[in-house]
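Have a look at the structure that comes next, please.
The values are calculated or read from the model by the stated rules, or taken from the named source; none is laboratory data. Given the structure is predicted, the values throughout are model-derived calculations rather than measurements. All Cβ positions, even for glycine, are placed from backbone atoms using ideal geometry, and neighbour counts span all protein chains on display.
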Amino acid sequence: MNARPSSAGMLGHQTVEMDADRPVWVFESVYRSEYPGLVAVAAALTGDREGARDLVQDTMVKAFVRWNRISVMERPGAWCHHVLVNACRSRLRRRATERRFMATLPRHEAVTLPVSDEVIAFWGIVRTLPARPRTVVALYFAAGMTSVEIADVLKVPEGTVRSDLAAARRLVMHSLRGDSDD
Amino acid sequence: MTDFIDDVDTEDWEEFERLGRRAGAELRTAPPDSAIEGIERAVRRRAMTRVVAGTLAVALLAGAAFAMFRGREGADDTPVDQTTEPTVPLPAGAPGTWRELADTDLPVSTAFDLTGTWTGSKLIVLGGRSPQGGSMVAAAYDVRDDAWQPVAPPPEELQSPFGSAWTGSELLVLDGRGHVVSYDPDTDSWRARSAPDVDVRFAGDVSRFGVSESGVLARSAGGWWWYDEAADVWSAVPSPDAQFDRANSPTAAAVVWLEALTPDAFVQSTYDGPIAFTVFDVSSKTWTPTREVEIPPVTRMPPRCQTADAHLVCFAEGSGTLDGVVIDVGTAESMSFTLGSHSNSLSTVGTPWFGHAWRLLLARTAEWEALPPLKGVTGFSAAVWDGQEMLMFGTTGDTGERSGPFAAAYTPVVKP
């Protein structure tokens with residue numbers, strides 16, 4: 001899922017000074033490889049695919065201006081996902097504030113591009129989960145991360161990720177089946 | 001990926017996996033080519049903003065030339081705002097009114113050296129340790145959400161007093177023991193910056209260092225040092241002239257003040273009879289020749305000096321009065337003032353204003369504005385300017401009407 005470290009420049013005309021013993025990531029290759037997963041995670045967490053692209057662009061601008069530092073990280077994608085997840089939380093908080101105080105605002109409804117009803121229902125239920133399990137599920141399915149990678153992004157123990165995923169699975173499947181018990 | 005299934009309902013897991021994989025796949029989209037060009041445009045816009053700010057700062061430092069041709073009005077056309085431009089549409093109240101902000105449970109009532117920094121969308125409050133000990137505290141107020149957000153605890157080694165500035169992406173903090181750290185709100189994490197090679201101790205004296213978005217200028221017994229924020233490197237820089245060396249000596253009566261004037265310039269000032277000041281230019285690493293401004297006699301000297309919108313405001317408390325002088329650093333023009341009361345504190349360091357006793361002085365135009373009272377509020381110890389409002393953070397007195405930390409925004413009638 002990650003781009004390979006390379007000594008090439010980033011964004012064509014811009015180059016990265018580098019130490020021969022220390023490979024650096026190329027911005028464009030990281031951008032292209034991480035973009036689909038980032039957009040999917042943002043869309044899953046916010047329910048807004050158009051807004052998800054904006055959040056990912058903002059995240060990648062932040063990454064670009066810090067690229068000297070991020071390019072030498074082991075996994076730049078983890079940094080991008082960490083920042084994106086924080087941005088999604090802010091977006092949801094802001095939306096909650098808008099709904100509280102500005103009832104006249106048009107509502108942002110979920111998923112604007114064609115996706116199946118089953119998928120809409122799945123993410124609709126996921127978004128009812130508490131914040132951390134919701135994020136874990138999004139990173140697991142939308143970004144295709146392993147539990148170890150998710151633990152790295154969220155800065156929590158791997159066991160917590162596993163436990164969140166198990167709890168999320170129970171809740172999501174029960175909701176999809178219409179079960180009334182837990 | 002299901003190697004960590006922790007219960008026996010395998011069928012459920014498989015269905016969950018199938019659904020989840022499909023749900024993830026349907027949301028994935030490749031980046032359009034225009035998207036990566038958008039990154040370049042956005043970064044170029046940010047760079048251009050910095051260049052324009054730097055150019056304006058240089059223009060203001062050459063303010064004498066403007067004044068010769070156009071008088072003070074010439075300088076008025078070249079505003080230099082040290083504060084970070086807002087990156088989002090922000091709310092604002094009616095001019096001349098207060099707007100109360102969301103409550104915070106930040107434990108600042110006993111904290112000292114509280115500072116506020118504006119990031120373009122958030123006010124980050126950082127508080128020093130009290131003499132009784134304890135840890136620094138930090139919190140962030142998001143203007144768009146009208147909500148306080150927790151901030152990861154600052155590093156334990158950080159001690160008061162300290163200086164801070166917003167670099168464009170991080171909160172840069174230097175304390176009096178030479179610790180440099182930065183906080184990234186996007187990742188809610190702190191990181192240590194490189195330490196100076198020499199034994200740079202600023203002796204717990206906040207006047208011995210200044211912090212701007214470009215870096216840190218600091219003096220120690222061993223000389224002067226510049227910390228380049230972008231390169232994360234310390235280097236020795238020349239000392240200013242002998243007048244400040246005298247004032248720096250332990251036996252000198254005068255106090256020296258050092259503060260960021262603009263992102264790329266620092267001003268050092270001292271009272272040596274008149275107010276003397278010299279400006280350090282970051283790009284050339286040189287000091288301007290020292291200039292002096294005669295000030296009216298006040299009851300107690302030396303005064304304290306702080307910067308506001310590329311001006312120096314030097315002030316000292318007398319018997320029931322606050323006497324001071326506003327100095328245009330570019331032209332060395334000055335204007336003295338006397339205030340009748342100084343019972344309430346109003347810290348506005350880093351904003352275009354000088355604030356005291358519920359009054360704001362817009363340094364660039366020398367206009368005063370009286371603030372309407374806020375019941376139960378005794379003063380504000382941190383303030384930032386978001387481009388429309390002064391966001392202020394402080395504590396309330398033991399009046400029974402309010403208690404604990406308090407935040408409010410004031411929309412000035414006078415615009416910078």
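Here is a yes/no grid of residues against (1) free of Cβ contacts under 8 Å to residues at least 60 places away in the same chain; (2) within 18 Å of the chain's Cα centre (by Cα); (3) at the interface with chain B (Cβ under 8 Å from one of its Cβ atoms); (4) surrounded by fewer than 19 Cβ atoms within 10 Å (Cβ to Cβ):
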{"position": "A:Glu118", "(1), (2), (3), (4)": "yes, no, yes, yes"}
{"position": "A:Thr128", "(1), (2), (3), (4)": "yes, yes, no, yes"}
{"position": "A:Ala142", "(1), (2), (3), (4)": "no, yes, yes, no"}
{"position": "A:Ser147", "(1), (2), (3), (4)": "yes, yes, yes, no"}
{"position": "A:Asp152", "(1), (2), (3), (4)": "no, yes, no, no"}
{"position": "A:Val156", "(1), (2), (3), (4)": "yes, yes, no, yes"}
{"position": "A:Asp164", "(1), (2), (3), (4)": "yes, yes, no, no"}
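Determine whether the range B:138-148 contains at least one residue that is closer than 28 Å to B:Glu369 by Cβ and modelled with pLDDT under 85.
Scanning the range B:138-148 turns up at least one residue that is closer than 28 Å to B:Glu369 by Cβ and modelled with pLDDT under 85.
Now for a separate question. Can you tell me which residue in the range A:36-70 is nearest to the chain's Cα centre (by Cα), limited to those that are more than 9 Å from chain B (Cβ to nearest Cβ) and over 23 Å from B:Val43 (Cα atoms)?
Among residues in the range A:36-70 that are more than 9 Å from chain B (Cβ to nearest Cβ) and over 23 Å from B:Val43 (Cα atoms), the one nearest to the chain's Cα centre (by Cα) is A:Leu45.
So for the range B:279-287 (the condition being modelled with pLDDT of 90 or more, β-branched (Val, Ile, Thr) and surrounded by fewer than 16 Cβ atoms within 10 Å (Cβ to Cβ)), does at least one residue qualify?
yes
Okay, next question. Scan the range A:75-83 and give yes if some residue there is farther than 18 Å from A:Thr146 by Cβ, of a type outside the set (Asp, Glu) and either assigned to a helix (DSSP H, G or I) or touching a residue at least 60 places away in the same chain (Cβ under 8 Å) (or both), otherwise no.
For the range A:75-83, residues farther than 18 Å from A:Thr146 by Cβ, of a type outside the set (Asp, Glu) and either assigned to a helix (DSSP H, G or I) or touching a residue at least 60 places away in the same chain (Cβ under 8 Å) (or both): present.
Could you please find all residues in the range B:357-379 being of a type in the set (A, V, I, L, M, F, W, C) and in contact with a Ser or Thr (Cβ under 6 Å, 6 or more places away or on another chain)?
Scanning the range B:357-379 gives B:Ala357, B:Val377.
I've got another one for you. B:Ser341 is checked against (1) at pLDDT below 85; (2) surrounded by 23 or more Cβ atoms within 10 Å (Cβ to Cβ); (3) among the polar types (S, T, N, Q) and fails just one. What number does that condition carry?
Every listed condition holds for B:Ser341 apart from (2).
In the range B:260-274, what residues are outside any strand (DSSP E or B) and either within 13 Å of B:Ala308 (Cα to Cα) or aliphatic (A, V, I, L, M) (or both)?
Passing the criteria: only B:Pro263.
Now a separate question. Can you find a residue that is under 27 Å from B:Val256 (Cα atoms), modelled with pLDDT of 85 or more and either part of a loop (DSSP other than H, G, I, E, B) or among the β-branched types (Val, Ile, Thr) (or both) anywhere in the range B:377-398?
The answer is yes, given that some residue of the range B:377-398 is under 27 Å from B:Val256 (Cα atoms), modelled with pLDDT of 85 or more and either part of a loop (DSSP other than H, G, I, E, B) or among the β-branched types (Val, Ile, Thr) (or both).
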